[in-house]
1. Measuring from centroid to centroid over Cα atoms, what is the spacing of the range 226-289 and the range 52-80 in Å?
2. Under 18 Å from a point placed 7 Å out from the Cα of residue 73 along the Cα-to-Cβ direction: which residues of the range 298-313 have their backbone N that close?
3. I need 333, 303 ordered by Cβ neighbour count within 10 Å, fewest first.
4. Rounded to whole Å, give me the distance from the Cα center of the range 189-209 to that of the range 344-377.
């Protein structure tokens, strides 16, 4: 009996008296919290003395997500639409190889110059100088390789790799040749967009809200009256092209909710078709605001492959290149695991409360000049998620002709590997 009273294992809490069990549970919980608090306090003291320990701990505790496990197609053709090839990494790899070749060329030139200088000297002195030159050359090579390794480590480390902006300058020449309307060298015209729906549609308000995301858009309802002419998408695109429109957006519904979004770039395509899920109108968002007529800023995040760059360029052509900063509005297309999250927000700047922390940068230090303010986002809506399903070279599925009419189409087998993504 005495040994049971002094035990501290799981059986220590199994007492017949309920009050005694509660008391033991509270004591154990207090002891656990106390030990955790002491451990955190001790660790904080050590990390204040040596910040490298904090960096190592955060690096070790970083959660491993599917985005970090993302795999790329090895030995894949970069020109193939749909190949999982990261153009940023490919360009970085080419730059590293070029740096290594330049370093080797410089080393060989130095070695040749040293051999030429030593040919006129005596044999004994030449032998001694060769040994010294070899040692110096080895040291130079080691330092150069170590510098390249350090550069690689700096390039690879990123605090938030999934939220990096898309670099449209990485677009390959083959992709620009396939879609000259999108990747033209001439400055793009001011976007003018015609928004419509499918036949017999009932989502006129939702279509207007989606069209409000894009500046200079005009919504025209598509009627299916028995005495009216049922215009096809090709006829609508021809009508819009003759009147100076640069794109046509067709919103399709299912169960009285937006289910599909087709973006047709005029005058000759391409057409990108998306599915819409989780649509929430702006008025149902908590604390929402009302959008204004200002041109918004555009954020395109995490589009890396050739198909991703095509998608990003297609969305980029729908917005004016010069946003109006006074409106403080921003439209975000964030790609994560081939799902494009669409958000329409406004920057809110206010004074910092005494209980709030100051704005910090990526390095965790306070930003000078922003000590007394706080910046937040007020969502304007609508909010929805898109997924790319099809890319046609011409105007829609019926308007594309030739063997390469269908450039890319989503298949269910593409998602068998959970760590491979198309965008």
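Readers should treat all values here as calculations from the given coordinates under stated rules, not as data from a laboratory. Predicted model only: the values in this text are computed from it and were never measured. Glycine gets a Cβ as well: all are built from the backbone with ideal geometry, and neighbour counts include every protein chain shown.
1. Cα centroid to Cα centroid, the span is 37 Å.
2. Correct set: 303-312.
3. The most exposed by this proxy come first: 333, 303.
4. Using only Cα atoms to place each centre, the spacing works out to 37 Å.
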